[in-house]
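The values are calculated or read from the model by the stated rules, or taken from the named source; none is laboratory data. On a predicted model such as this, the values are computed, not experimentally measured, just so you know. Because the Cβ atoms are built from the backbone with ideal geometry, glycine has one as well, and the counts that use them run over all protein chains shown.
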Amino acid sequence: MPPILRLLAACLAVASLSACARDIPYPKLEAKYASPASQYMDLPGGLHVHYRDQGPRDAPVIVLVHGFAASLHAWEPWVTRLPDYRVISLDLPGHGLTRAPDDYVASTDRSVAVVDELVTKLGVQKFVLGGNSMGGGVSWNYALAHPQKLDGLVLVDAGGWPSSERPKGQPAVFKLLGNPVGRWMLRNADPGLMAKGGLVKAYEDPALVTPALVTRYTELARAPGHRAILTGGRGGEPARTVTPDTFKAIMVPTLVMVGEKDQVIPADNSRKLAGAIPGAKLVVYPEGGHVPMEQLPDKSAADLRAFLAGLKPAA
């Protein structure tokens, strides 16, 4: 049965759609998914942002932004491999343990503002910004808006290249997000119905898609208000019109990393990104999927470290 029919059948099988996927209270999620490194910051617009600020305070700073439906947990493999850097990771609104108002509408520009407000309140003046997937789109938009604050830019299977091409076998959740009925179903259905299949395609290696990983994605998606933000339609689109020439304006030293087997965003999009950004370096992982920082942590962290070592010290 096609995924969309499975979702509909599951929801119709209960008397109330709300029973199909009840929210999980934040205190319960925080007790399970926060760590000793977890901190929270109140930002404008009623946001209560979950973040982690790890490593020596006098070390070079790296800020990391996760992808769609993910959380800062995606960066843990890099954090453990970069103990000599100050690594700041955060949950965007609608993700992880970050709380947002009921009427919050996500957008790329709003996410850029969240990143900037967080680092500003932390007193960070210069840093390297990295992002995966949707977070990659946030990151290159940040580089256009605030180039003076960046020492470098790292785009990992990043979104945002202007293309209608979709890789074969793309997770069904992205197809459902493309129409109002699909978004309505995702907003009301249990995220667990599609989580494992989508994660296997994203991670490429089924062995990495453990029950704990599936549970984490499923439960965090059930945080109050998250599904409404995640299924908000075109609210996540940037305000600007994006063309290949858009990326020529990025003058920050850039590393583009991509898994050749990415089933979420075509690998060719990252090649085009690297070709359009002046001086960008491209690293391709032949066996990599959509999240090489998790699938290939040793190799990708080593490539990141080599890139960081080549950057000029902050002025």
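Within the bounds of segment 109-116, is there any residue that is in a helix (DSSP H, G or I), among the hydroxyl-bearing types (S, T, Y) and at pLDDT 95 or above? Taking every residue of segment 109-116 in turn, at least one turns out to be in a helix (DSSP H, G or I), among the hydroxyl-bearing types (S, T, Y) and at pLDDT 95 or above.
Taking the criterion of being of a type in the set (K, R) and in a loop (DSSP other than H, G, I, E, B), the only residue of segment 259-290 that qualifies is K261. The one condition from (1) modelled with pLDDT of 95 or more; (2) surrounded by fewer than 18 Cβ atoms within 10 Å (Cβ to Cβ); (3) not aliphatic (A, V, I, L, M) that N269 does not meet is (2). Consider segment 300-315. How many of its residues are buried (at least 16 other Cβ atoms within 10 Å of the Cβ), out of contact with any helix residue (DSSP H, G or I) (no Cβ under 6 Å at 6 or more places or on another chain) and farther than 20 Å from K126 by Cα? Residues that pass the stated criteria total 1. Scan segment 140-155 for residues that are crowded, with 20+ Cβ neighbours inside 10 Å and either part of a strand (DSSP E or B) or aliphatic (A, V, I, L, M) (or both) and the total you get is 6. Restricting attention to segment 196-243, the residues that are at pLDDT below 85, surrounded by fewer than 20 Cβ atoms within 10 Å (Cβ to Cβ) and assigned to a helix (DSSP H, G or I) add up to 5. The test for being out of contact with any Cys (no Cβ under 9 Å at 6 or more places or on another chain), part of a loop (DSSP other than H, G, I, E, B) and either modelled with pLDDT of 60 or more or among the aliphatic types (A, V, I, L, M) (or both) holds for A158.
Which count do you get for residues in segment 86-104 that are among the acidic types (D, E) and surrounded by fewer than 24 Cβ atoms within 10 Å (Cβ to Cβ)?
Qualifying residue count, segment 86-104: 2.
The residue that is surrounded by the most Cβ atoms within 10 Å (Cβ to Cβ), counting only those in segment 251-264 that are at pLDDT 95 or above and more than 14 Å from G130 (Cβ to Cβ), is G259. Provide a single number: the residues in segment 131-149 that are touching a strand residue (DSSP E or B) at 6+ places or on another chain (Cβ under 9 Å) and closer than 24 Å to A69 by Cα. Number of matching residues: 12. Could you tell me whether G137 is out of contact with any His (no Cβ under 7 Å at 6 or more places or on another chain), buried (at least 17 other Cβ atoms within 10 Å of the Cβ) and in contact (Cβ under 8 Å) with a residue 12 or more places away in the chain? Yes: the conditions hold for G137.
Among the residues of segment 62-85, those identified as of a type in the set (F, W, Y) and crowded, with 23+ Cβ neighbours inside 10 Å are W75, W78.
Filter segment 281-299 for residues that are within 21 Å of W140 (Cβ to Cβ) and free of Cβ contacts under 8 Å to residues at least 60 places away in the same chain; which is surrounded by the most Cβ atoms within 10 Å (Cβ to Cβ)? So the residue we want is Y285.
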